[in-house]
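Student: Sharing a structure, written as C-alpha cells. Questions coming.
The values are calculated or read from the model by the stated rules, or taken from the named source; none is laboratory data. These figures come from a predicted structure and were not determined experimentally. When we count neighbours, we look across all protein chains shown, and the Cβ atoms used for this are built from the backbone with ideal geometry, even at glycine.
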Amino acid sequence: MLKYLVADAKINGAFDGDIVPILVRAFDEACQALDRSGASWGTDPIAAKAARERLARRIIELARLGERDRRLLRDNALLSLSQSFRGWRPR
C-alpha cells in the first residue's frame, strides 16, 4: 500500500500522517478478505497483483474524496474489485 501512496503523493500531495495508518489497515484487511475468499484467480500472481493494485487505488481514491472510515474504505474497495471482475473467466 505504501508504494501506491508514495506514487499518488507525487501527483496529488501526501496525506496527513494520521490518515496513512487508516488507509494501510483498510488495505491490509481488504487483502486478507481477498485471500480468505478462495477466489480462483487469486492463485495467478499477475491477477493477484492487479487485484491488490485495484484495492489500493480505490482506497486512495475514496480517501481523496474525504472518506476516513476504515471499514467503508475496505468494503467499498472490495465491492469495486468484485464488480470489475464480473464476467471474468480463468484462462
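Student: I need the full set of residues from the stretch 20-55 which are of a type in the set (Val, Ile, Thr) and under 14 Å from Leu72 (Cα atoms), in order please.
Tutor: Step one: filter the stretch 20-55 for residues of a type in the set (Val, Ile, Thr), giving 20, 22, 24, 43, 46.
Ile22, Val24, listed by residue number.
Student: Before we move on, is Ala63 at pLDDT below 95 and either surrounded by 12 or more Cβ atoms within 10 Å (Cβ to Cβ) or in a loop (DSSP other than H, G, I, E, B) (or both)? Outline the logic, then answer.
Tutor: On the way: at pLDDT below 95: no; either surrounded by 12 or more Cβ atoms within 10 Å (Cβ to Cβ) or in a loop (DSSP other than H, G, I, E, B) (or both): yes.
So Ala63 does not fit the description; no.
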